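**Student:** The structure's right below; bear with me while I get my questions together.
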Amino acid sequence: MPRPRRDSEILPAKERLENAFWELLSEREYRKITVTDIVRTADVNRNSFYYHFTGLPELADSAILHAVENTPLPSAPNANFNPDNEWRKHVTALLREPEQRQRLDRLALLAGPHSSPELVESLQDFGRLTLISVLGLDADHLDLKTDLMLDFTVGGMLAVLRRWPKLHEQLPMDAVFNEDVAVLATGIFMSMSKTDMLGYWKRIFSSGFVAGQGVQSEAEQKAEQ
């Protein structure tokens, strides 16, 4: 079967189909979306749709996977990194780049009233797999602590996404950048990784961290001495 023609001036058909999925999901419930709706919105023919996907569920999975994969995550942690700096860099990328804001808005649709149990399950699965990949874990050999923390993290992500439509309009940036939040978020992230946490927590609970203040790096502490 010949590959559908792609004009250089427009987006590839597969990308237009995924964009159509998100556009329609913002307008109506997933169960009310049809392949006919998708191809009409994407301006492609049905042959092109079925060249790329076997049906609507596969299109949904592809769109969700790409949205999750392309969402920036904190870099692989180590025992000496500064959670405040890392958190600020991560949140800035998420909230101040238009492409990432659009991606968050799309992911929030999966936790909203137009979603379905199948879409939520896909988001949970892809979220777990992405975290496992970033953290360098073996999905087939997770200890109980890490397995539970992955579920806890993905569950928290879903809770935030459910509130995102209202949250992003009223949440002050100072609250997002708060050092207490930074330590909590990056601490959970590091605890799931293979990183030796002893040096990190010693620095947190000795002189490096006071609630409401930043965590000093070793270089910053030495500079003050």
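The values are calculated or read from the model by the stated rules, or taken from the named source; none is laboratory data. Because the structure is a prediction, the values reported are computed rather than measured. Cβ coordinates were reconstructed from backbone atoms using ideal geometry, including for glycine residues, and neighbour counts include every protein chain displayed.
**Student:** Out of Leu131, Leu107, Leu137, Leu119, which single residue is more than 12 Å from the chain's Cα centre (by Cα), buried (at least 18 other Cβ atoms within 10 Å of the Cβ), in the same structural domain as Leu167 (by TED's automatic domain parsing) and not in a loop (DSSP other than H, G, I, E, B)?
**Tutor:** On the way: Leu131 fails: more than 12 Å from the chain's Cα centre (by Cα); Leu107 fails: more than 12 Å from the chain's Cα centre (by Cα); Leu137 fails: not in a loop (DSSP other than H, G, I, E, B).
Only one candidate passes the filter, namely Leu119.
**Student:** How many residues are farther than 22 Å from Leu123 by Cβ and outside any helix (DSSP H, G or I) when one looks only at segment 35-77?
**Tutor:** Of the residues in segment 35-77, 6 are farther than 22 Å from Leu123 by Cβ and outside any helix (DSSP H, G or I).
**Student:** Surrounded by fewer than 17 Cβ atoms within 10 Å (Cβ to Cβ), outside the structural domain of Arg101 (by TED's automatic domain parsing) and at pLDDT 95 or above, is that true of Tyr50?
**Tutor:** Spelling it out, Tyr50 is indeed surrounded by fewer than 17 Cβ atoms within 10 Å (Cβ to Cβ), outside the structural domain of Arg101 (by TED's automatic domain parsing) and at pLDDT 95 or above.
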